[in-house]
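Right, one structure below, let's go through it.
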Amino acid sequence: MYEEAAILAAVVLLYSAGAGRVERSWLSGPIIFTFAGLILGPAGLNALRLPLTAVDLRTLAELSLAMVLFTDAARSDLRVVRRTVGLPERLLLIGLPLTIVLGFLVGLLVFRQLNMLEVALLATLLAPTDAALGAPVVTNANVPAATREALNLESGLNDGICVPVVVVLLGLAVGTEIVGSTARHIMMVVLEEIGIGLLVGLALTALAVAVLRLSSRLGWTSQHWLHIPIVALAALCFTAAQALGGSGFIACFTGGLLFGFLQPDRAPKMLSAASGIGEVLALVTWAVFGGPVLERLLPQMTWQVVFYAILSLTVIRMLPVLLALMGTAMTTATKLFIGWFGPRGLASIVFTVIVFDAGLPGRRTVAATAVCTVLFSVIAHGVTANPLVVALGRRSRA
């Protein structure tokens, strides 16, 4: 255990020493850590075995995503969001459902061995975009502010919106007994997941900000502990919402939005620790993904799996986005840019683990397809991020 921990720590140390150079190149942290896990893991040198269970992987991915969602939301510029009313709503209320429906229809044609509910689950777990993988785009000033904030809000909220859909579909797939009508059950799940998550995130953040302001006025704060409250608050929002039956992802993102609104001056200083922890946890998750996860599922990757993964990142994502953005003042190039930058990552991994643990007959095909899509996304979106951002920046200034 200590040898593997030492190897992983060494990889993190080496990466951190050259992270700035990596960010300016066609590489990315997720690419490097995924291939480090693949090379050092069971499929390669077998030096980094990381004997984590599915529950361990899910917990690691969830905590990573919780930190990323909270910090990204806290950095959001709500003034830009208010000036561009309609873009996030279009992506979430039109683009997201269309993506799930199109993914479902394509899945029925590609995977004849899966039943309808398994195909629906596959389409849903691959619909949400990843906040961590999208960071190079939403934090780059070369991207127009309206586009950045639209992508940031989409990635922050779509995974939380997909949670109740996954819960309902999975319940139907495993034959969970439903009290009352199916429609009523679906409505209750949606209200609980989103409503509880929203209330928990807003209430806990408002209370935390009040406590921090009071302690600051009384002189009880310490510079040494200045960054810790955000780490604890992000973890509290996620775990409390999950414990109460809500979506921890919704809680973290809405909590982050409120924190950034209430503490606009102090937020940048207080977010650094949580942001750093989130990035390190995410990179470790990618190392695990590239190691034991890929080693187990690579043999399951048939031509159908690869074909669907490619379609998921292109047509299944981009066509709904183009339809959702019809009638806006955006150029076609910007619409295509938003459609392309819908990376799949931590949220899809979390949902895949949940579906796999349910023991469905087609779980290996579903898991292999999700893993293949995420792998292609890590590479394709990581390699194209900087070049396309620069190109879009030149177009917007022209």
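The table that follows gives values for the structure above.
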{"quantity": "Low-density loop cleavage sites - chymotrypsin sites (Phe, Trp or Tyr not before Pro) in segment 1-101, where at most 15 other Cβ are within 10 Å (DSSP)", "calculated": "26"}
{"quantity": "Student exercise, segment 1-153 dipole from Lys, Arg, Asp, Glu Cβ charges, in Debye to nearest 20", "calculated": "460"}
{"quantity": "Peptides 244-253, 300-309 ordered by average Cβ neighbours within 10 Å, highest first", "calculated": "244-253, 300-309"}
{"quantity": "Shape of segment 177-319, Cα gyration tensor, a/c cut at 1.5", "calculated": "oblate"}
{"quantity": "For segment 63-79 versus segment 233-284, the gap between their alpha-carbon centres in whole angstrom", "calculated": "6"}
{"quantity": "The chain: C-alpha gyration tensor shape, a/c 1.5 cut-off, then a/b vs b/c", "calculated": "rounded"}
{"quantity": "Cα-centre dipole for the chain with unit charges at Cβ (Lys and Arg positive, Asp and Glu negative), debye to 20", "calculated": "1060"}
{"quantity": "Rg over Rh [alpha-carbon atoms, Kirkwood Rh] for segment 1-131", "calculated": "1.05"}
{"quantity": "Estimated FRET transfer efficiency (residue 228, residue 49; beta-carbon r; R0 41 Å; 0.05)", "calculated": "0.80"}
{"quantity": "Mean residue ellipticity (222 nm) of the chain, computed from DSSP H runs ≥ 4 via -39,500 (n - 2.57), nearest 500", "calculated": "-23000 deg cm²/dmol"}
{"quantity": "For residue 370, net neighbour charge (Lys/Arg +1, Asp/Glu -1) across residues whose Cβ lies under 15 Å away", "calculated": "+2"}
{"quantity": "Of the DSSP H helices in the chain, those whose Cα atoms cover at least 18 Å axially and whose Kyte score averages -0.5 or more", "calculated": "2-17, 54-74, 96-110, 145-174, 197-217, 228-243, 248-262, 272-288, 363-397"}
{"quantity": "Cα gyration tensor shape of segment 245-341, rounded if a/c is under 1.5, else prolate or oblate by comparing a/b with b/c", "calculated": "oblate"}
{"quantity": "Choice from 131, 367, 243 showing the highest fluctuation, given a GNM over the chain with Cα pairs closer than 10 Å", "calculated": "243"}
{"quantity": "Cα-projected label distance for residue 239 with residue 105, points at 7 Å along beta-carbon direction, nm", "calculated": "4.5"}
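Bear in mind these aren't lab numbers, they're just calculated from the coordinates by the rules spelled out. Remember, it's a predicted structure, so these values are computed and weren't measured experimentally. Please note: Cβ atoms are built from the backbone with ideal geometry, for glycine as well, and neighbour counts cover all protein chains shown.
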